[in-house]
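As structure tokens, the structure follows; a few thoughts come after it.
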Amino acid sequence: MANIVPYNKKKSTLAVVSAALLTFLFVGCATTPKAVENLKSEVASSASESTPSSSAAESSSDTMTEQSSKSNEKDYYGKWVIQKILAYGSSGTYSSDSAEKLIGQSVNFSSAKATIITDEPSNPLVSITAPKYQVTTESDSDFQTNYQISFDKLGIKENYVTMVNVTGSDKTAGTFLIKSNNTIIFIAGGTYFELERNSDSSGQKAEEPATGSYVKDSGDQKIFEENYGNSKDTTKVLKLTEKELQFDAITVVFSGDFSKMFTKGKGYPYYLDSASGGKRGINIKDNSGVWRTFVYTINS
């Protein structure tokens, strides 16, 4: 980064010039023409050293502009998917049914547009233009006073948390807490929704190995059962449409129609394969009791 010359160096140039003039006045006729010329040369040299070159000033300006541009990119910008309901307020507007219907839905934040969760279950997701973001720090004690719920009940381990208020040009507003780099908590209608950052907003295509047998009681299916063993792990279907499928065990959205194999909101036995070559498989037993493998790319 180019050095920006501070103001006090410019001030020192004026001091040099002033001192030179005073010297000239006091010395008067006793000063020879040659001495005067030397004095002028010294003053010009000092002024030249103290004044930044035009190229240095331009470099400094460009660097500051670049830094300002980068600072406009907020850490919370991007797509976030609603994963679960953490808590309900005593006088909230959302019932458990209306809140859980939002699981698998997403919100977005950017400088031009934002999608927020509203206080109205009948119109829960609203897009706002030209959003303004106000970032503050909230303590556990202040939060309990204002919202009647503790950080501990929301799974927040720290004593302070970053709170973001987003407001649109039409005064539509929303509030969320930054729980971690990949998790936020949106507060709407007295309900606390936990969202995770969606690493692939476009969705990934599901890839099933050609060698796998999806016939119940086949040899491959027995291997799946042996790998699962005595595990009790299950994953719930968050999103299921004719085009997309998402489980709560991972943030990946698979493309395709799997509506005949799975049911939204239902839990299924699953386990994850070890990562290999930047990919990983999630193995899930479907409605008919058949294990299926979905392969996805791991983001570095």
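Annotation: amide H-H contacts under 5 Å for K179 (H modelled 1.01 Å from N, sequence separation of 5 or more, or interchain): I184, I185.
Sorting Y296, Y77, Y192 by the number of Cβ atoms found within 10 Å of their own Cβ, with the fewest placed first, yields Y77, Y296, Y192. Along the axis of the charge dipole computed for the stretch 204-297 (Cβ charges of +1 for Lys and Arg, -1 for Asp and Glu, origin at the Cα centre), the listed residues T297, T234, F224 are led at the positive end by T234. Could you run the Debye sum over the Cα atoms of the stretch 204-297, one equal point scatterer each and no solvent, and tell me log10 of I(q)/I(0) at q = 0.11, 0.13, 0.21, 0.25 Å⁻¹, two decimals? At q = 0.11, 0.13, 0.21, 0.25 Å⁻¹ the computed log10 ratios are -0.28, -0.40, -1.12, -1.57.
Near N198, the amide H atoms lying under 5 Å from its own belong to K79, W80, V81; only residues 5 or more places off or on other chains count, and H is placed 1.01 Å from N. Charged side chains reduced to their Cβ positions (Lys and Arg at +1, Asp and Glu at -1) give the stretch 104-191 a dipole of some 260 debye around its Cα centre. Pairs of Cα atoms nearer than 8 Å and 6+ residues apart set the relative contact order; for the stretch 204-297 it is 29 percent.
Here the stretch 78-197 is treated as a Stokes sphere of Kirkwood radius computed over C-alpha pairs; at 20 °C and 1.002 mPa s its diffusion coefficient rounds to 149 µm²/s.
Couplings 3J(HN,Hα) of the stretch 149-164, computed from phi: 8, 8, 4, 4, 6, 9, x, 8, 8, 8, 8, 9, 9, 7, 10, 10 Hz, in residue order, whole Hz [Karplus 6.51 cos²θ - 1.76 cosθ + 1.60, θ = phi - 60°; x for Gly and Pro]. Couplings 3J(HN,Hα) of the stretch 132-144, computed from phi: 10, 10, 10, 9, 9, 10, 10, 8, 4, 5, 5, 5, 5 Hz, in residue order, whole Hz [Karplus 6.51 cos²θ - 1.76 cosθ + 1.60, θ = phi - 60°; x for Gly and Pro]. Net charge dipole, the stretch 204-297: roughly 260 debye, given to the nearest 20, about the Cα centre with Cβ charges of +1 for Lys and Arg and -1 for Asp and Glu.
Taking other C-beta atoms within 10 angstrom as a stand-in for reagent exposure, K84, K285, K260, K232 fall in the order K232, K260, K84, K285, fewest first. Summing charges over all other residues whose Cβ lies under 10 Å from the Cβ of K84, with Lys and Arg as +1 and Asp and Glu as -1, gives -3.
Every number here is computed from the coordinates shown, using simple stated rules; none is lab data. It should be emphasised that the depicted structure is a prediction, and the values quoted were computed from it without experimental measurement. Quick reminder, even Gly has a Cβ in these numbers, built from the backbone with ideal geometry, and neighbours come from all protein chains shown.
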